[in-house]
Amino acid sequence: MTNPLVGIRLKALRDDRGLSQDDIAKVLEFNDRQTVSAIEKGDRRAKPEELEKLIEEYALDFDYFTDPFRLVGEGAFSWRQSDCAPAALEAYQKRAGRWLAAFRALTELGDRPGPSERRSLRLWEQSTFEQACAEGERLTVDCNMGDVPALKLPSVMENEYGIIVLMVDMPEGISGAACRLPELDAVLVNRQETCGRRNFDLAHEFFHILTWDKMPPKPVEVARSNGGDRIEKLANAFASALLMPKRLLERFGEWQILGTSERAQRMRAVADHFQVSIAALHWRLVSLRMLNRTAEILDCGVSMHDRDGPALALFSRVFMSAVAKAIEEGEISVARLAKLLDVSRDKLRDLFTVHGVQVPVTV
């Protein structure tokens, strides 16, 4: 039986090093490149001595072709960042890739809808911003997201759409990312951000996952004051409407008739209710014409969701439940998991506890 990772990673090696199939055939002393092609397609099993020869020739890690806890030539990331050095971003992507690869390897993915099975948004690049907003609002109704959609969003993404949501520590300048694998989608959010920013980033990346096939996001999107390119603006419109549906905003009455002090007080209260930033609420009201476009963003004091608060627990309950089960079933050792997650044994125990997951007896 062939290991599908070998073919994928051999192709990734060639792409990364600028090698042809003929180059690989020469190293392995094949008569032609057809055998290399067969290995990459999974039609022919690579022999251990052939892999060893490639590892030595190209100075690869000994488990480059077989380690299930890494992503090599698989998946695509789209990072939302403002000022992160390319080298730091690349290093972090490899680290994040290990978490997602581990989840994939240790989880029964058949129990979760994959990218080809879930509902997508009825949008394309030339859709209007009004259509993007309508899709955001429709989703809150279809998924029964209640009066504060931000509270239900992570569970909707994980339980109804099969998207793994991870709260993680990210290098300065990165706020979030979406990742597409053939079998799995994921969204990573910087847990150190304010609550309002986290919620908006999560909804924004949700849009990218649901429109990936029609509108693939850029590998790196730079957060811009003007909202970015058209796809990013559509993502922002969708996120705003999902977090602050018009039908719910209308419950808070008229805005145009309020004096400055009253409007500032209401802005702060409504932003706190929806768990968004005051700026996000302001521009949502402007887009709905509940406020004039010329209305300034008032100094409303600090919303509780604009403030730095305690960071959320690392990863997620779904993630920690999966790795706990894997430990119990002997699929991964405690030491290897702790190293993979870059935490101590005590911290690992704390993560199980804080997420309400039974601590495996061996931890």
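Just so you know, all these numbers are worked out from the coordinates, no wet-lab data involved. Model, not experiment: these values are computed from the prediction. Please note: Cβ atoms are built from the backbone with ideal geometry, for glycine as well, and neighbour counts cover all protein chains shown.
Here are a few things to note about the model shown:
- Averaging Cα coordinates gives a centre for the range 117-180 and one for the range 1-79; these two points are 36 Å apart.
- The long axis of helix 278-287 is offset from the longest Cα principal axis of the chain by roughly 70 degrees.
- Rounded to the nearest Hz, the phi-derived 3J(HN,Hα) couplings of the range 95-106 under the Karplus curve 6.51 cos²θ - 1.76 cosθ + 1.60 (θ = phi - 60°) are 5, 5, x, 5, 5, 5, 5, 5, 4, 4, 6, 9, where x marks glycine and proline.
- Normalised contact order of the range 130-249, rounded percent, pairs of Cα under 8 Å and 6 or more residues apart: 33 percent
- Remark: His273, His204 ranked as His273, His204, counting other beta-carbon atoms within 10 Å and listing the fewest first.
- Nearest 10 degrees, 0 to 90: helix 4-17 Cα axis against the chain principal axis: 80 degrees
- In the chain, Cα pairs under 8 Å separated by at least six residues give a relative contact order of 17 percent.
- Mean separation of Cα contacts under 8 Å, 6 or more apart, over the residue count of the range 4-57: relative contact order %: 37 percent
- Length released on extending from Ala59 to Arg247, taking residue separation times 0.36 nm less the Cα-Cα span: 61.7 nm
- The Stokes-Einstein estimate for the range 77-312, based on a Kirkwood radius over Cα pairs and taken at 10 °C with 1.306 mPa s viscosity, is a diffusion coefficient of 87 µm²/s.
- Exposed loop sites here are GluC sites (Glu not before Pro) assigned a DSSP state other than H, G, I, E or B and surrounded by at most 10 other beta carbons within 10 Å; excluding them, the longest clear run of the chain is 118-253.
- Using θ = phi - 60° and Karplus 6.51 cos²θ - 1.76 cosθ + 1.60, couplings along the range 29-40 (whole Hz; Gly, Pro as x): 6, 7, 6, 7, 7, 4, 5, 4, 4, 5, 5, 5
- Helix 48-57 and the longest principal axis of the C-alpha atoms of the chain enclose an angle of approximately 70°.
- Viscosity 1.002 mPa s, 20 °C: Kirkwood-radius Stokes-Einstein D of the range 4-57 over Cα pairs, µm²/s: 197 µm²/s
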